[in-house]
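J.: Here it is: the structure, laid out below.
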Amino acid sequence: QVQLVESGGGLVQAGGSLRLSCAVSGRPFSSGAMGWFRQAPWKEREFVAAITWGGGILTYSDSVQCRFTISSDNAKNTVYLQMNSLKPEDTAIYSCAAHYHGQYYALSSYNYWGPGTQVTVPS
């Protein structure tokens, strides 16, 4: 049974930082990469960042480039998202997902999802 559980969300003032974690149990061998997505109120879920388990390929959306950093720990089966210089527009539920094929930025490329963790940055 594959299970993804996010943690680390919370309320932080603009300009602050948070680090999200995604613990993966029952990791599917078919998944060579992990992604982070977010969904703000009344908006569609959008891609944030992705990384291969070996850390060889990293990609970010334009909106978080240079502020967020994705990393992975193979030994712990955990993926992290370090978020710096947070802005009110970063407020969303952040979810991690296991990639199985296709473009890293596409939702349809992921087949396992965590329930998400709320990040709130007041304006």
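J.: Of the conditions (1) open to solvent by less than 30 Å² (accessible area, probe 1.4 Å); (2) among the hydroxyl-bearing types (Ser, Thr, Tyr); (3) over 13 Å from Leu4 (Cβ atoms); (4) within 13 Å of the chain's Cα centre (by Cα), Tyr110 clears all except one; give me its number.
T.: (3)
J.: Going by what's in this entry, would Ile70 be described as surrounded by fewer than 16 Cβ atoms within 10 Å (Cβ to Cβ), in contact (Cβ under 8 Å) with a residue 24 or more places away in the chain and hydrophobic (A, V, I, L, M, F, W, C)?
T.: Numbers: surrounded by fewer than 16 Cβ atoms within 10 Å (Cβ to Cβ): no; in contact (Cβ under 8 Å) with a residue 24 or more places away in the chain: yes; hydrophobic (A, V, I, L, M, F, W, C): yes.
Spelling it out, it is not the case that Ile70 is surrounded by fewer than 16 Cβ atoms within 10 Å (Cβ to Cβ), in contact (Cβ under 8 Å) with a residue 24 or more places away in the chain and hydrophobic (A, V, I, L, M, F, W, C).
J.: Here is a further query. Looking only at the range 8-62, filter to residues that are farther than 20 Å from Thr78 by Cβ, among the small types (Gly, Ala, Ser) and in contact with an Asp or Glu (Cβ under 8 Å, 6 or more places away or on another chain); which one of those is surrounded by the most Cβ atoms within 10 Å (Cβ to Cβ)?
T.: The qualifying residue surrounded by the most Cβ atoms within 10 Å (Cβ to Cβ) is Ser61.
J.: Take Ala97 and decide whether it is farther than 17 Å from Val5 by Cβ and open to solvent by less than 60 Å² (accessible area, probe 1.4 Å). Break it down stepwise before answering.
T.: Details: farther than 17 Å from Val5 by Cβ: no; open to solvent by less than 60 Å² (accessible area, probe 1.4 Å): yes.
The answer is no for Ala97.
J.: Determine, yes or no, whether Ser85 is open to solvent by less than 70 Å² (accessible area, probe 1.4 Å), polar (S, T, N, Q) and without any contact (Cβ under 8 Å) to a residue 40 or more places away in the chain. I'd like the intermediate steps shown before the answer.
T.: Details: open to solvent by less than 70 Å² (accessible area, probe 1.4 Å): yes; polar (S, T, N, Q): yes; without any contact (Cβ under 8 Å) to a residue 40 or more places away in the chain: no.
No, not satisfied.
J.: Return the pairs, sorted by first residue and then second, in which the second residue is among the charged types (D, E, K, R) and surrounded by 13 or more Cβ atoms within 10 Å (Cβ to Cβ), the first residue lies in the range 1-25 and is within 19 Å of Val64 (Cβ to Cβ), the beta carbons are less than 8 Å apart, and the residues are 6+ apart or on different chains.
T.: Every condition considered, the pairs that remain are Gly8/Arg19; Ala14/Lys87; Leu20/Glu6; Ser21/Glu6; Cys22/Glu6.
The values are calculated or read from the model by the stated rules, or taken from the named source; none is laboratory data. Keep in mind that this is a model prediction, so the values were computed, not measured. Reconstructed Cβ throughout: ideal geometry from the backbone, glycine too, with neighbour counts over all protein chains shown. These accessible areas exclude ligands, DNA and RNA; they are computed on the full protein's heavy atoms, side chains included. Shrake-Rupley method; radii C 1.70, N 1.55, O 1.52, S 1.80 Å.
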